[in-house]
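Trainee: Before we start, here is the structure in question, set down as structure tokens.
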Amino acid sequence: MKLIKLFATLALTLAVCLSLEAKPKIRIIATGGTIAGVSSTSASSAYTAGQVGIQTLLDAVPQILNLAEVDGEQLVNIGSQDMNDEVWLKLAKRVNQLLNEEGYDGVVITHGTDTMEETAYFLNLTVKSDKPVVLAGSMRPSNAISADGPANLYNAVAAAVSPACKGMGVLCCMNNQLLDAKTVIKTHTIDCDTFEGGPSGIIGYVYNGEAYILQTPNNKHTVNSIFDVSKITKFPKVGIVYGYANASPLPMQAFVDANFDGIVLAGVGDGNFYKDVFEVAVKAQNQGIQIVRSSRCPTGPTCLNSEVDDEKYHFVASLSHNPQKARILLMLALTKTHDWQEIQQFFKEY
Ligand code: DGL
């Protein structure tokens, strides 16, 4: 009889221990943005980004502690219009350290929305883990009426602890939606529903603390990416030139004169140049500056050898990359090769 009681006690203890099993460990890295912004009056749209620190953000959402063991660090506190290569390098190296050396199960990055899509894509190509990395921001400052930051942060942690988000690449979590790093784009200057997922739409959504994945990205990313920034301290210089009727060749000439390594054209239509700009582009390519044709059109691919004979000029067509994403991929591609055909292959794969 005593033996039965002992076994029953042991079984009950085990059950209680299992029910208290440790929650996933999530690190939140704060970089600033509107989510950390403060407006002079909660009704005003005038505000300054990057004002409050990580602890204030966490204090606003105590429910996060029901989802995970969370701690945070402030990497920088800037408006994301000031995001730069130095922060990107620090961020990628820190995320890899947290996920591969410090035992974290996921990382959430709070970030301004202006360049969130760029940071997400850069990390998609440089993070060396399949654990969830989720960016969150807000369109209203932290002290605004109906601030959207706390819910976005809570949902981002819910995604970061979700096994469904493992292996999806870097994600953005805004307005209950999950968007993948390659297709995410900010489409509206002030709307909370500003982010869209391009032609393929959103990758999933978060609701009631649960993440649901609707589709899987088909491009290479994270652990399948050839790009490694662990030993990089400086990136190749790549600029973007905007195309329009009667465009001046001066901006492209300025990049050439400044010895840039690559130039992306945000061209008209299917990545077309104004004739004066085209002439500078051909000279630039011939002196070893890689030209990538992209488009100012919000949707549709920039196709290889369409109205422009890329084969003849050794231009790269950006395919499904808009100018800001094409710039990031070209910058990283140039750390590997200057061969236009090898770079074109990267645009097909990533
Ligand atoms: N300054 C902009 C930024 O940090 C504000 C936009 C926002 O975060 O929503 O990206």
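Trainee: Residue 60 is checked against (1) out of contact with any Cys (no Cβ under 8 Å at 6 or more places or on another chain); (2) among the aliphatic types (A, V, I, L, M); (3) modelled with pLDDT of 95 or more and fails just one. What number does that condition carry?
Mentor: (3)
Trainee: Tell me, which residue of segment 306-350 that is assigned to a helix (DSSP H, G or I), acidic (Asp, Glu) and free of Cβ contacts under 8 Å to residues at least 60 places away in the same chain is nearest to residue 118 (Cα to Cα)? Quick ask: steps written out before the conclusion?
Mentor: Step one: list which residues in segment 306-350 are assigned to a helix (DSSP H, G or I), which gives 310-313, 323-333, 340-349.
If we keep only those that are acidic (Asp, Glu) too, we end up with 310-311, 342, 349.
Now narrow it down to the ones that are free of Cβ contacts under 8 Å to residues at least 60 places away in the same chain: 310-311, 342.
On the way: 310: 26, 311: 28, 342: 22 Å.
This residue is 342.
Trainee: Let me ask something else. Given the conditions (1) surrounded by fewer than 21 Cβ atoms within 10 Å (Cβ to Cβ); (2) within 15 Å of the ligand (Cβ to nearest atom), report the number of the one that residue 166 does not fulfil.
Mentor: Of (1) surrounded by fewer than 21 Cβ atoms within 10 Å (Cβ to Cβ); (2) within 15 Å of the ligand (Cβ to nearest atom), only one is false for residue 166: (2).
Trainee: For segment 74-101, how many residues meet the condition of being out of contact with any strand residue (DSSP E or B) (no Cβ under 9 Å at 6 or more places or on another chain) and among the small types (Gly, Ala, Ser)?
Mentor: The total comes to 1.
Trainee: Looking at (1) crowded, with 20+ Cβ neighbours inside 10 Å; (2) part of a helix (DSSP H, G or I), which is the only condition residue 65 fails?
Mentor: (1)
Trainee: Any residue that is of a type in the set (S, T, N, Q), in contact (Cβ under 8 Å) with a residue 24 or more places away in the chain and over 17 Å from residue 83 (Cα atoms) - is there at least one of those in segment 121-128?
Mentor: Going residue by residue through segment 121-128, those that are of a type in the set (S, T, N, Q) are 124, 126.
Then drop every residue that is not in contact (Cβ under 8 Å) with a residue 24 or more places away in the chain, which leaves 124, 126.
Within this subset, residues satisfying the condition of being over 17 Å from residue 83 (Cα atoms) are none.
Within segment 121-128, none of the residues are of a type in the set (S, T, N, Q), in contact (Cβ under 8 Å) with a residue 24 or more places away in the chain and over 17 Å from residue 83 (Cα atoms).
Trainee: Residue by residue through segment 193-214, note down the ones that are assigned to a loop (DSSP other than H, G, I, E, B) and either surrounded by fewer than 17 Cβ atoms within 10 Å (Cβ to Cβ) or among the β-branched types (Val, Ile, Thr) (or both).
Mentor: Within segment 193-214, 193, 194, 201, 202, 203, 208, 209, 214 meet the criteria.
Trainee: Just need a number here: residues in segment 250-303 that are under 11 Å from residue 317 (Cα atoms), in a loop (DSSP other than H, G, I, E, B) and of a type in the set (A, V, I, L, M, F, W, C).
Mentor: The total comes to 1.
Trainee: Filter segment 116-138 down to residues that are surrounded by fewer than 24 Cβ atoms within 10 Å (Cβ to Cβ) and either of a type in the set (Phe, Trp, Tyr) or not in a helix (DSSP H, G or I) (or both), then give me how many there are.
Mentor: 4
Trainee: Hey, does segment 94-116 have a residue that's among the charged types (D, E, K, R) and closer than 14 Å to residue 137 by Cα?
Mentor: The first filter runs over segment 94-116 and keeps only residues among the charged types (D, E, K, R), leaving 94, 101-102, 105, 114.
This time we only want the ones that are closer than 14 Å to residue 137 by Cα, so: 114.
Yes, there is a match, as at least one residue in segment 94-116 is among the charged types (D, E, K, R) and closer than 14 Å to residue 137 by Cα.
Trainee: Within segment 281-302, restricting attention to residues that are touching a Gly at 6+ places or on another chain (Cβ under 8 Å) and not polar (S, T, N, Q), which residue is farthest from residue 254 (Cα to Cα)?
Mentor: Of all residues in segment 281-302, those touching a Gly at 6+ places or on another chain (Cβ under 8 Å) come to 289-297, 299, 302.
Still in the list and also not polar (S, T, N, Q): 289, 291-293, 296-297.
Working: 289: 13, 291: 14, 292: 17, 293: 18, 296: 20, 297: 24 Å.
Looking at the filtered set, the residue picked out is 297.
Trainee: Residue 182 fails exactly one of the following numbered conditions: (1) among the charged types (D, E, K, R); (2) surrounded by 20 or more Cβ atoms within 10 Å (Cβ to Cβ); (3) part of a helix (DSSP H, G or I). What is the number of that condition?
Mentor: Every condition holds for residue 182 apart from (3).
Trainee: Right, another one. Of everything in segment 141-178, what is within 17 Å of residue 105 (Cβ to Cβ) and of a type in the set (Gly, Ala, Ser)? Give them in sequence order.
Mentor: Across segment 141-178, the qualifying residues are 156, 158, 159, 160, 162, 164, 167, 169.
Trainee: In addition: So residue 175 passes all but one of these: (1) out of contact with any Leu (no Cβ under 8 Å at 6 or more places or on another chain); (2) more than 14 Å from the ligand (Cβ to nearest atom). Which condition number does it fail?
Mentor: (2)
Trainee: Restricting attention to segment 83-105, and to residues there that are in contact (Cβ under 8 Å) with a residue 12 or more places away in the chain and more than 17 Å from residue 27 (Cβ to Cβ), which single residue is farthest from the ligand (Cβ to nearest atom)?
Mentor: 89
Trainee: Give the number of residues within segment 216-254 that are under 16 Å from residue 284 (Cβ atoms) and either buried (at least 21 other Cβ atoms within 10 Å of the Cβ) or touching a Phe, Trp or Tyr at 6+ places or on another chain (Cβ under 7 Å) (or both).
Mentor: Residues meeting the conditions: 7.
Trainee: Follow-up. Considering only segment 31-51, how many residues are among the hydrophobic types (A, V, I, L, M, F, W, C), surrounded by 20 or more Cβ atoms within 10 Å (Cβ to Cβ) and either modelled with pLDDT of 75 or more or away from the ligand (no atom under 15 Å from the Cβ) (or both)?
Mentor: Residues of segment 31-51 that are among the hydrophobic types (A, V, I, L, M, F, W, C), as a first pass: 35-36, 38, 43, 46, 49.
Remaining after also requiring surrounded by 20 or more Cβ atoms within 10 Å (Cβ to Cβ): 35-36, 49.
Next cut, either modelled with pLDDT of 75 or more or away from the ligand (no atom under 15 Å from the Cβ) (or both) only: 35-36.
So the answer is 2.
Trainee: Is it fair to say residue 113 is part of a loop (DSSP other than H, G, I, E, B) and either within 15 Å of the ligand (Cβ to nearest atom) or within 19 Å of residue 324 (Cβ to Cβ) (or both)? Can you show your working first?
Mentor: Values: part of a loop (DSSP other than H, G, I, E, B): yes; either within 15 Å of the ligand (Cβ to nearest atom) or within 19 Å of residue 324 (Cβ to Cβ) (or both): yes.
Criteria met by residue 113.
The values are calculated or read from the model by the stated rules, or taken from the named source; none is laboratory data. Keep in mind that this is a model prediction, so the values were computed, not measured. Please note: Cβ atoms are built from the backbone with ideal geometry, for glycine as well, and neighbour counts cover all protein chains shown.
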